[in-house]
Amino acid sequence: MLIEDYTETFSGSWNNDQRNTYTLSGNLPTEQLTYTGNGSTWTQNGRITLQYNAQDSLIYRFTESYAGSTYNPLSRDFYYYQSMVVGLKDLTPTYNVEFTRYRYKTS
């Protein structure tokens with residue numbers, strides 16, 4: 001499970017650029033802390049809080065900036081899903097050297 005990712009940029013030597021750390025509940029991320037790089041150190045600059053429904057689908061995302069010791073709201077996103085039935089019996093695999101894909105069988 002991914003709990004951290006970061007990017008470094010090269011300018012004669014490698015320097016910290018961006019970093020994210022994740023808090024998980026089960027297998028789902030519920031909080032993401034964001035950082036910006038400053039040479040060899042990291043400075044926190046935000047937090048994203050995530051919520052899920054009973055089917056583990058994302059339903060709410062709340063983004064905040066971070067300054068000093070205070071979080072300030074930036075945006076919030078709501079996600080809504082519609083249920084549908086998919087007939088898997090009509091899917092047949094087709095293989096490609098690059099990747100595997102599925103095609104809908106019409107006959």
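On inspection, residue 36 does not qualify as of a type in the set (Val, Ile, Thr), modelled with pLDDT under 95 and either in a strand (DSSP E or B) or in contact with a Pro (Cβ under 7 Å, 6 or more places away or on another chain) (or both). Here region 27-74 is the region considered, the condition is being touching a residue at least 24 places away in the same chain (Cβ under 8 Å) and small (Gly, Ala, Ser), and the residue that is farthest from residue 7 (Cα to Cα) is 57.
From the residues in region 11-27 that are farther than 16 Å from residue 42 by Cα and of a type outside the set (S, T, N, Q), which one is modelled with the highest pLDDT?
Filtering first and then ranking leaves 24.
Yes/no per residue for (1) part of a strand (DSSP E or B); (2) over 16 Å from residue 20 (Cα atoms); (3) polar (S, T, N, Q); (4) modelled with pLDDT under 95:
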position	(1), (2), (3), (4)
49	yes, no, yes, no
72	yes, yes, yes, no
76	yes, yes, no, no
85	no, yes, no, yes
89	no, yes, no, yes
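Looking at (1) within 30 Å of residue 81 (Cβ to Cβ); (2) crowded, with 16+ Cβ neighbours inside 10 Å; (3) not hydrophobic (A, V, I, L, M, F, W, C), which is the one condition that is false for residue 37? Here residue 37 meets the rest and fails (1). Checking the stated criteria, residue 22 turns out to be among the hydroxyl-bearing types (Ser, Thr, Tyr), surrounded by 15 or more Cβ atoms within 10 Å (Cβ to Cβ), free of Cβ contacts under 8 Å to residues at least 40 places away in the same chain and in a strand (DSSP E or B).
The values are calculated or read from the model by the stated rules, or taken from the named source; none is laboratory data. Everything quoted here is computed from the prediction, not taken from an experiment. Positions of Cβ are backbone-derived with ideal geometry, glycine not excepted, and every protein chain shown enters the neighbour counts.
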